[in-house]
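A.B. asks: Please read through the structure below; I'll follow up with questions.
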Amino acid sequence: MLTGQITSAVLGVGLAGAILFLVRRDHLHGPYAVWWFAVAAATFVLGVFPGVVVWLGRETGIGYAPVLPIIIGLSLVLIRLLKLDIDRSKHERKMRRLTQKLAILEQELERLGGRRSTDDVSDEPMG
């Protein structure tokens with residue numbers, strides 16, 4: 001049992017280190033880093049204090065306590081996936097609205113006799 005504890009604790013510390021590295025390199029931003037730090041902390045705590053799993057299992061009425069971290073982990077993954085889909089939908093909606101606004105502005109510019117958009121200009125040298 002001790003090797004499982006050590007492995008889990010090392011994974012928690014390693015995950016926290018990886019998160020710090022990604023934040024410092026600007027590959028992972030604040031709110032996401034907080035989420036992943038919570039995952040790293042939970043991994044570390046459950047590794048160092050396995051009695052927490054047994055206690056939580058007893059409190060929640062789960063007969064086989066070691067399945068509890070799996071249930072919680074899968075639930076958190078599903079919540080995270082749902083949040084990603086919600087964020088992606090917001091971004092797609094915003095992109096569609098911006099594209100529509102740009103098309104309206106280009107049409108208005110053409111109507112007023114303005115220049116063609118940069119997409120329509122050929123590679124002729126300016127000057």
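A.B. asks: So which pairs qualify, if the first residue must be in the stretch 43-71 and free of Cβ contacts under 8 Å to residues at least 60 places away in the same chain, the second must be of a type in the set (F, W, Y), the Cβ gap must be under 8 Å, and the two must be at least 6 apart or on different chains?
C.D. replies: These pairs meet every condition: G57/Y64.
A.B. asks: Also, quick follow-up: Being loosely packed, with under 11 Cβ neighbours inside 10 Å, part of a helix (DSSP H, G or I) and either within 23 Å of the chain's Cα centre (by Cα) or at pLDDT below 90 (or both): is that true of K94 here?
C.D. replies: yes
A.B. asks: Just give me the residues in the stretch 100-116 being open to solvent by 80 Å² or more (accessible area, probe 1.4 Å) and either on the phi > 0 side of the Ramachandran plot or assigned to a helix (DSSP H, G or I) (or both), in sequence order. Steps first, answer last, please.
C.D. replies: Taking the stretch 100-116 and keeping what is open to solvent by 80 Å² or more (accessible area, probe 1.4 Å), we get 100-102, 104-105, 107, 109-112, 115-116.
Across the stretch 100-116, the qualifying residues are Q100, K101, L102, I104, L105, Q107, L109, E110, R111.
A.B. asks: Exactly one of these conditions fails for G30: (1) modelled with pLDDT under 85; (2) in contact with a Ser or Thr (Cβ under 9 Å, 6 or more places away or on another chain). Give me its number.
C.D. replies: Checking G30 against (1) modelled with pLDDT under 85; (2) in contact with a Ser or Thr (Cβ under 9 Å, 6 or more places away or on another chain), the one that fails is (2).
The values are calculated or read from the model by the stated rules, or taken from the named source; none is laboratory data. Predicted, not measured: the structure shown is a model, and the values here were computed from it. With ideal geometry, Cβ positions are generated from the backbone for all residues, glycine too; neighbour counts draw on all protein chains shown. These accessible areas exclude ligands, DNA and RNA; they are computed on the full protein's heavy atoms, side chains included. Shrake-Rupley method; radii C 1.70, N 1.55, O 1.52, S 1.80 Å.
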